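Worksheet for the structure shown next.
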Amino acid sequence: MQLVKLGKKGQVSLPKAILQQVGISGETPLLVDTTDDGAIVLRQAGVYPIEIYSDERIASFLEEDKMTPEQASLLNRALKK
C-alpha cells in the first residue's frame, strides 16, 4: 500500500507503479465511487466511440438490406414449410 496526498484542489496523483500494476496509462478515464465504509473506489471506464448516422447513411443501410426477388422467393418457401 502506498501513501498519497490530497492536493489543495482535491486532486490526487496516483503512483506510476500502481497504474502500471493495473494496466492504466496516462489520461485514461476513471469512474469514481464510494462504499458505505468510506472507501473511495476508482475503476477504469470503458469508453466506446459512437457514430450518429445521417438520414442518407440510414437510407443506404436500408437499400443494402433489401432482398432480391430470388431471396424473397426462398424465404417464402422456407416459411411455408
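The numbers here are math on the coordinates, done by the rules we state, and not lab data. Computed from a predicted structure; not experimentally measured. Using ideal geometry, Cβ is built from the backbone for each residue, glycine included, and neighbour counts are taken over all protein chains shown.
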Candidate set: the stretch 37-81, residues that are of a type in the set (Val, Ile, Thr) and exposed (fewer than 10 other Cβ atoms within 10 Å of the Cβ); chosen: the one farthest from Val22 (Cα to Cα) = Thr68
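Take the conditions of a type outside the set (S, T, N, Q), surrounded by 10 or more Cβ atoms within 10 Å (Cβ to Cβ) and under 21 Å from the mean Cα position of the chain (by Cα) and apply them to Leu14. Does it pass?
On the way: of a type outside the set (S, T, N, Q): yes; surrounded by 10 or more Cβ atoms within 10 Å (Cβ to Cβ): yes; under 21 Å from the mean Cα position of the chain (by Cα): no.
No: the conditions fail for Leu14.
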query = What tally of residues in the stretch 22-56 results from selecting those that are among the acidic types (Asp, Glu) and within 30 Å of Lys5 (Cβ to Cβ)?
reply = 4
